[in-house]
Every structure is written in structure tokens, then in C-alpha cells.
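Here's the structure we're looking at; comments come further down.
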């Protein structure tokens with residue numbers, strides 16, 4: 001997964017040497033990027049680490065010239081992502097999925 005990901009951001013707690021935050025994006029570098037797996041360990045939530053992950057991801061050189069950056073999030077996180085200009089007003093677009101794993105359907 002990481003080998004095929006264009007942008008990876010991680011935050012390590014240096015006291016414990018543990019990864020406590022992670023985010024990634026895949027992109028064609030021009031038209032589209034998709035933000036995936038924005039994750040903060042429960043112990044470290046509400047400390048600003050999620051915002052730092054998004055800031056680092058969105059300011060990465062790989063995403064600098066991308067026209068559209070998209071993500072999927074839980075309804076309770078819409079306000080969090082709106083701070084960076086994300087919107088749930090995407091016209092008539094619908095999320096569709098095809099999966100080999102019926103548990104993900």
C-alpha cells in the first residue's frame with residue numbers, strides 16, 4: 001500500500017517512538033488527488049494532530065498543482081475538513097464502489 005501511495009505523512013511520539021498519526025493521498029499530479037486514511041491514535045485526538053496531518057498533506061509538493069482534492073469522511077468530520085475548503089456540495093456526484101470483499105459493500 002505505501003509503495004503505491006504518492007504522499008505519506010506520519011507523526012511519531014518521540015517519547016514512545018510510536019506512530020500516533022498517519023495520512024496519505026494518491027494522485028495523478030494534475031487533475032485529482034484522493035486523501036485516504038487520516039488516522040490519529042485515540043489517546044492523541046483533540047490535540048491538533050489531525051489538523052497538522054491535513055496541513056502537511058495539502059501543502060506537499062505532490063499536491064501543489066492538483067485541480068481537485070477529494071476525500072470521504074464520516075458525517076461528524078465534515079466541519080473539520082471544511083476548514084481547508086472541502087465541501088459536501090459536489091453537484092450530482094454519487095459515491096459508487098465495486099469491491100471484491102463483501103464485508104466492505
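In terms of its alpha-carbon gyration tensor, the range 2-88 comes out oblate; a/c meets the 1.5 threshold, while b/c is at least as large as a/b. Considering only 46, 92, 83, the mean-square fluctuation computed in a Gaussian network model of the chain, springs between alpha carbons under 10 angstrom, is largest for 92. If a/c stays under 1.5 just call it rounded; otherwise compare a/b with b/c (prolate if a/b is bigger, oblate if not). Do that for the range 51-105, with a ≥ b ≥ c from the square roots of the Cα gyration tensor eigenvalues. Prolate is the answer for the range 51-105, as a/c is 1.5 or above and a/b outweighs b/c. Across 49, 94, 63, mean-square fluctuation computed from a Gaussian network of the chain (C-alpha pairs under 10 Å connected) peaks at 94.
For n ≥ 4 DSSP H runs only, could you compute -39500 (n - 2.57) per run for the chain, divide by its residues and tell me the 222 nm figure to the nearest 500? Could the numbers behind the result be given before it?
Working: 2 runs with 15 residues, N = 105.
Dividing the helical sum by the residues of the chain leaves -3500 deg cm²/dmol.
Model label points for residue 18 and residue 82, set 7 angstrom from Cα along the Cα-to-Cβ axis, are 3.4 nm apart.
Over the chain, what relative contact order in percent results from Cα pairs under 8 Å that are six or more residues apart? Please report the intermediate quantities before stating the final value.
Numbers: 131 pairs, mean separation 22.7, N = 105.
Normalised by residue count, the contact order of the chain is 22 percent.
GNM on the chain, alpha-carbon springs under 10 angstrom: the most fluctuating residue among 72, 38, 12 is 12.
What length, rounded to one decimal in nm, is gained on full extension from residue 2 through to residue 52, with 0.36 nm per residue of separation minus their alpha-carbon distance? Numbers along the way, then the final one.
Numbers: separation 50, 0.36 × 50 = 18.00 nm, distance 1.99 nm.
Contour length minus Cα-Cα distance gives 16.0 nm.
Distance from the alpha carbon centroid of the range 27-59 to that of the range 79-95 works out to 15 angstrom. With both labels modelled 7 Å from their Cα along Cα-to-Cβ, the residue 74 to residue 94 distance reads 2.5 nm.
Coordinate-derived values only; no laboratory data. None of the values given here were measured: they were computed from a predicted structure. So basically every Cβ, Gly included, is an ideal-geometry build from the backbone, and we count neighbours across all protein chains shown.
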